[in-house]
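Undergrad: First the structure, which I've put down as structure tokens, then a few questions once you've had a look.
We did not get these values from a lab; they are worked out from the coordinates using the rules stated. The structure displayed is predicted, hence computed values, not measured ones. Every residue, glycine as well, gets a Cβ built from its backbone with ideal geometry; the counts of neighbours run over all protein chains shown.
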Amino acid sequence: DIQMTQSPSSLSASVGDRVTITCRASQSIRTNLNWYQQKPRKAPKLLIYAASTLQSGVPSRFSGSGFGTDFTLTISSLQPEDFATYYCQQTYSIPWTFGLGTKVE
Amino acid sequence: QVQLQESGPGLVKPSQTLSLTCTVSGGSISSGNYYWSWIRQPAGKGLEWIGRIYTSGSTNYNPSLKSRVSISADTSKNQFSLKLNSVTAADTAVYYCARVGYSSGWYEVDYWGQGTLVTVSS
């Protein structure tokens, strides 16, 4: 299985801050990397797919980058509704695997 | 707008079979370039992909569960289902059904059900 390692596991930030979350794959996954946002007691929501493509309806303050094994999710200016947990997911090979999450608080 | 809704028992006894159904509205499970998937999340933990079924009916499963899991579809009802055999307390989780879009080699889970909590306990 491809292991996905996210860092940090949690971070403290304020409204207006620039936030960067990293995700590292245990082997190359090219750009088969998705990012999701999850709020308490809610299903995850797709933010970014194919490493850098913004899902329709997602604010442009979210962006993704990376190729191979190293990826980042950036929130350019944190908004109150962005306090949540973020997960990366690889879909390069079965089984699809997720990172353990980064809680933004 | 595609919507997914999980249904099934919220409590299952150890060693028995967990059975869940996902009803899809706003789109057909038998058309388009989509997979239909199950994903679970134990309380306070991360997400685990269980498996997927394609519009053709072909399936793929997480090897960690492969011997116990089965996903099937009923196109006449626009539903797909999950069966997990020989459950233990470790299978207690919120179970999500989801749609997976596929294009140009990329997959993304673009629609999720609200999730249903299944507790394994005697």
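Undergrad: I need the fraction of alpha carbon pairs in region B:69-115 separated by more than 14 Å, rounded to a whole percent. All intermediate terms of the calculation are to be shown ahead of the outcome.
TA: Working: 713 of 1081 pairs.
Considering region B:69-115, 66 percent of its Cα-Cα pairs are separated by more than 14 Å.
Undergrad: Report Rg (one decimal) and Dmax (nearest whole number) for chain A, counting Cα atoms only, units Å.
TA: Radius of gyration, then largest Cα-Cα span, for chain A: 12.7, 38 Å.
Undergrad: Next up: Could you put B:48, A:81 in order, starting from the residue whose Cβ has the fewest other Cβ atoms within 10 Å?
TA: In order of increasing Cβ crowding within 10 Å: A:81, B:48.
Undergrad: Given region B:13-110, report the % of alpha carbon pairs whose separation exceeds 19 Å.
TA: 40 percent
Undergrad: Okay, next question. Based on the Kirkwood radius over alpha-carbon pairs, what is the Stokes-Einstein translational diffusion coefficient of region B:33-88 at 25 °C with 0.890 mPa s viscosity, in µm²/s?
TA: 203 µm²/s
Undergrad: Something else about it: With the radius of gyration and the Kirkwood radius both derived from the Cα set of the protein assembly as shown, what is their ratio Rg to Rh?
TA: 0.96
Undergrad: Another question, then. With the Cα gyration tensor of region A:51-105 in hand, give its eigenvalues times 5 under a square root as the equivalent ellipsoid semi-axes, listed largest first in whole angstrom.
TA: So the three semi-axes of region A:51-105 are 21, 14, 10 Å.
Undergrad: Next up: Could you tell me which trypsin sites (Lys or Arg not before Pro) in region A:20-93 are loop residues by DSSP with no more than 10 other beta carbons within 10 angstrom of their beta carbon?
TA: Answer by residue number: A:41.
Undergrad: Starting from the Kirkwood Rh over alpha-carbon pairs, what translational D in µm² s⁻¹ does region B:1-46 have by Stokes-Einstein at 20 °C and 1.002 mPa s?
TA: Values: Rh = 13.1 Å.
The calculation lands on 163 µm²/s.
Undergrad: Below 28 Å, Cα to Cα, which lysines can residue B:66 reach? Residues fewer than 8 away in the same chain don't count.
TA: The qualifying lysines are A:42, A:45, B:13, B:45, B:77, B:83.
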